[in-house]
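Structure first, then comments.
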Amino acid sequence: MSKSYKMYVGGKWVDSESGETFGVVNPATERLLGNVPKGTRDDVGAAVDAARAAFDSGVWSGKTPADRSQLLWKLADLVEENAGHLAEVESKNVGKTIKYSRESDLPFIVDNLRFFAGCARTLEGRSAAEYSGLGTSIIRREPLGVVGAIIPWNYPLYIAMWKIAPALAAGNTIVVKPASLTPLSLLEFSKLVEASGLPAGVFNVVTGPGETIGAELATSKKVDMVALTGDTATGRKIMQMASSNVKRVHLELGGKAPLVVLSDADVETVAQGAVVGGFWNTGQDCTAVTRVIAHEKIYEKLIKRMSEKARNFRIGDPLDEATDMGPLVSETQRERVEGFIRVGEEEGAKIAAGGRRPRSMKKGFFLEPTILRDTSQEMRVCREEIFGPVICVYGYGSLDEAIEDANAVDYGLAASVYGRDVVSCMKVANELDFGTVWINEHGVLVSEMPHGGFKQSGFGKDLSLYSFEEYTRVKHIYLDLTGKAVRPWHHTVYHGD
Ligand code: NAD
């Protein structure tokens, strides 16, 4: 049965001022899951006003770090208690498997809240000293004010938490906009925010189209920072809009991760790492393995083993514990991925595994995990973000050539290198132009690890203490210690007493 949802603004549950709604669909069944308010610019205005008022009143930033920390811990406990429900909502709305939602997304969300609850008590400037010799400088870190956060559909609550947790821990207030395809887990989470006792206006959610809600958050003078995880094209638009009032921008954008395989790598380890790293979340992951660049000595063996594993994936109902891969998030996304597979074939790539809609699934936006072989770095499939379960594989002769190819994309989010000789692996890792490089692994991420890209993958970090700093500003306060009207440096401006 489908549900009607409301937005959470200023501590109240509200409809859109226009009264309009939009439907949210389960991508595995194509059935309606719920109706959600179609927010307008005025709705964003109300949410921003609520967040501004809450910030300016000091009801949140004025709390002691210990009190803020305790409230965030309480919220984390509530999420943990309701993790089963939230995991199910996420799986139904995104199509990700229940084992993935329950054992990966939700524990990470809880841990992330706890990590930043701890950080709330570490907000400090680096030093206080008499740098001028005449007075004391005090350097303090402060919250920014109101943060606008814009979230993608692939990890709706998980990525939202990467913004919500550090922003609130630092003392900011926040307005969050989920993706229109997947707003449900964030709205369910808002009920826990209400139950936690967080003051009204500190946390707000507005649902609706990106062009409206996102644009208002990016342009509003009352918003001090806009943080986006999304497509690089969206990032460009946000940067442009935010320039109107020079607000701080934080962008986590697309990726095209390479996995570089050295000649001495263990084929079984690489094949396992590649299909797990390439097909998790149905390949809809900005760090997913998209290009396996393998030494020609083991290229054929690797293709064979990766293809066997790809064919062995259990595709089906995301709520079934046994399912390894659910559907793509929408029909549009499936058609986009299928379009790329066709383009790849036209460019000369061959399908080694998958490439079709599974015959067993009558409904839902399913697609087989796909391996394209005989690709090359010049092909569109190796340069553009496909964002689905497709891994391109090609061989190399010299390592310099492999590194050059790995770096030959506009993106720079994540990469990996596999090999037995760790010195060679380390040298390759140093050469790879990506924000994260894993060695003999692809995809491990926990709260202490900074996550963020180079080049057109954006700037600023999610997770870790680096992310906490993004949500603060540095203030310098200077206190004169001379106590005199005329200071030693005044003569450089004025000769008299
Ligand atoms: P998207 O850019 O289409 O949407 C992201 C969010 O931006 C949504 O909430 C959307 O409504 C909003 N939006 C869209 N157009 C807007 C506009 N003109 N103004 C303001 N807001 C707007 O991205 P998506 O399709 O939801 O997510 C997939 C993309 O996200 C991929 O490119 C992927 O690589 C990227 N991603 C990056 C990371 C990372 O950490 N770097 C993580 C996950 C996803």
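The values are calculated or read from the model by the stated rules, or taken from the named source; none is laboratory data. All of these numbers come straight from a predicted model, not from anything done at the bench. Virtual Cβ from ideal backbone geometry, glycine too; neighbours counted across all protein chains shown.
Only one residue in 270, 260 is away from the ligand (no atom under 11 Å from the Cβ) and either more than 24 Å from the chain's Cα centre (by Cα) or outside any strand (DSSP E or B) (or both), so which one is that?
Only one candidate passes the filter, namely 270.
Results for (1) in a loop (DSSP other than H, G, I, E, B); (2) under 15 Å from residue 186 (Cβ atoms), shown as yes or no for each residue.
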residue	(1), (2)
19	yes, no
34	no, yes
51	no, no
59	yes, no
73	no, no
85	no, yes
90	no, yes
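May I ask you to verify whether residue 198 is in a loop (DSSP other than H, G, I, E, B), more than 16 Å from the chain's Cα centre (by Cα), more than 10 Å from the ligand (Cβ to nearest atom) and in contact (Cβ under 8 Å) with a residue 24 or more places away in the chain?
Yes, satisfied.
For the stretch 95-114, check the following and say yes or no: at least one residue is assigned to a loop (DSSP other than H, G, I, E, B) and more than 25 Å from residue 334 (Cα to Cα).
The answer is no; no qualifying residue exists.
With the condition kept exactly as written, say whether any residue in the stretch 129-143 is within 16 Å of the ligand (Cβ to nearest atom) and modelled with pLDDT of 95 or more.
Pass one, the stretch 129-143, residues within 16 Å of the ligand (Cβ to nearest atom): none.
For the stretch 129-143, residues within 16 Å of the ligand (Cβ to nearest atom) and modelled with pLDDT of 95 or more: absent.
Of all residues in the stretch 206-240 being acidic (Asp, Glu) and touching a residue at least 12 places away in the same chain (Cβ under 8 Å), which is nearest to residue 168 (Cα to Cα)?
224
Across the stretch 359-398, what is the total count of residues that are buried (at least 19 other Cβ atoms within 10 Å of the Cβ) and either of a type in the set (A, V, I, L, M) or part of a helix (DSSP H, G or I) (or both)?
Residues flagged as buried (at least 19 other Cβ atoms within 10 Å of the Cβ) and either of a type in the set (A, V, I, L, M) or part of a helix (DSSP H, G or I) (or both) within the stretch 359-398 amount to 10.
From 233, 288, grab the single residue that is within 16 Å of the ligand (Cβ to nearest atom), within 26 Å of residue 341 (Cα to Cα), modelled with pLDDT of 95 or more and surrounded by fewer than 24 Cβ atoms within 10 Å (Cβ to Cβ).
Numbers: 288 fails: surrounded by fewer than 24 Cβ atoms within 10 Å (Cβ to Cβ).
None of the others qualify; the one that does is 233.
Considering only the stretch 317-356, how many residues are surrounded by 16 or more Cβ atoms within 10 Å (Cβ to Cβ), assigned to a loop (DSSP other than H, G, I, E, B) and not hydrophobic (A, V, I, L, M, F, W, C)?
Number satisfying all stated conditions: 10.
How many of the residues in the stretch 111-142 are within 17 Å of the chain's Cα centre (by Cα) and over 21 Å from residue 60 (Cβ atoms)?
Summing the residues that are within 17 Å of the chain's Cα centre (by Cα) and over 21 Å from residue 60 (Cβ atoms) in the stretch 111-142 gives 1.
Inside the stretch 273-286, can you point out the residues that are within 16 Å of the chain's Cα centre (by Cα) and of a type in the set (A, V, I, L, M, F, W, C)?
280, 286
Return the pairs, sorted by first residue and then second, in which the second residue is at pLDDT 95 or above and of a type in the set (Lys, Arg), the first residue lies in the stretch 171-185 and is assigned to a loop (DSSP other than H, G, I, E, B) and within 12 Å of the ligand (Cβ to nearest atom), the beta carbons are less than 9 Å apart, and the residues are 6+ apart or on different chains.
Going by the 9 Å Cβ cut-off, the qualifying pairs are 180/38; 183/177.
Residue check: is residue 277 assigned to a loop (DSSP other than H, G, I, E, B) and closer than 21 Å to residue 409 by Cβ? Outline the logic, then answer.
Working: assigned to a loop (DSSP other than H, G, I, E, B): no; closer than 21 Å to residue 409 by Cβ: yes.
No, not satisfied.
If we scan the stretch 241-248, do we find a residue that is in contact (Cβ under 8 Å) with a residue 24 or more places away in the chain, more than 11 Å from the ligand (Cβ to nearest atom), among the basic types (Lys, Arg) and under 24 Å from residue 46 (Cα atoms)?
Residues of the stretch 241-248 in contact (Cβ under 8 Å) with a residue 24 or more places away in the chain: 241-242, 244-245, 247-248.
Filter once more, keeping what is more than 11 Å from the ligand (Cβ to nearest atom): 244-245, 247-248.
From what is left, the residues that are among the basic types (Lys, Arg) are 247-248.
Checking which are under 24 Å from residue 46 (Cα atoms) leaves us with 247-248.
Within the stretch 241-248, one or more residues are in contact (Cβ under 8 Å) with a residue 24 or more places away in the chain, more than 11 Å from the ligand (Cβ to nearest atom), among the basic types (Lys, Arg) and under 24 Å from residue 46 (Cα atoms).
Please work out if residue 168 is over 16 Å from the mean Cα position of the chain (by Cα), surrounded by 15 or more Cβ atoms within 10 Å (Cβ to Cβ) and outside any loop (DSSP other than H, G, I, E, B).
In short, yes.
Which of the residues that make up the stretch 460-487 are surrounded by 15 or more Cβ atoms within 10 Å (Cβ to Cβ) and either in the same structural domain as residue 430 (by TED's automatic domain parsing) or on the phi > 0 side of the Ramachandran plot (or both)?
Within the stretch 460-487, 460, 463, 464 qualify.
Look at the stretch 243-261 and say how many of its residues are among the hydrophobic types (A, V, I, L, M, F, W, C) and surrounded by fewer than 22 Cβ atoms within 10 Å (Cβ to Cβ). Step through it out loud before you land on a result.
Start the filter on the stretch 243-261 by keeping residues that are among the hydrophobic types (A, V, I, L, M, F, W, C), which leaves 246, 249, 251, 253, 257, 259-261.
Remaining after also requiring surrounded by fewer than 22 Cβ atoms within 10 Å (Cβ to Cβ): 246, 249.
Residues in the stretch 243-261 being among the hydrophobic types (A, V, I, L, M, F, W, C) and surrounded by fewer than 22 Cβ atoms within 10 Å (Cβ to Cβ): 2 in total.
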